[in-house]
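Below: one structure, written as structure tokens.
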Amino acid sequence: MNLFSQPKEQQMVFPEPPKMVSTKDFLYLKDMMSWNLLAAKKMNWAAQTCQLPDLKKEFETAEQMHVNHYDEILKTLKQSEGVSSS
């Protein structure tokens, strides 16, 4: 066992995101959105410039994955905003 890891019985599992997002968490989520947007743009560029159909399909799949992650993070932030502003 790693010095920093916890036994599985002690790890907390959250079935859904918390209702309120801290400033630190918000900034991290914002960074994650930036990373996913950049990755989606890079995959889009790679798909547009790729000449190999199989590889092009993989780039398009990766692009869609990053767009989906971006959308999920945005949805989480909007839900948190709606709860905290009411």
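Tabulated values for the structure
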read-out: Top-ranked residue in segment 17-55 [being farther than 22 Å from Asn68 by Cβ and touching a residue at least 24 places away in the same chain (Cβ under 8 Å); ranked as most open to solvent (accessible area, probe 1.4 Å)]; value: Met20
read-out: Scan of segment 56-78 for residues that are among the basic types (Lys, Arg) and open to solvent by 80 Å² or more (accessible area, probe 1.4 Å), ordered by number; value: Lys57, Lys75, Lys78
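The values are calculated or read from the model by the stated rules, or taken from the named source; none is laboratory data. None of these values were measured; they are calculated from a predicted model. Using ideal geometry, Cβ is built from the backbone for each residue, glycine included, and neighbour counts are taken over all protein chains shown. Surface areas here come from the heavy atoms of the whole protein model, side chains and all, with no ligands, DNA or RNA. Shrake-Rupley method; radii C 1.70, N 1.55, O 1.52, S 1.80 Å.
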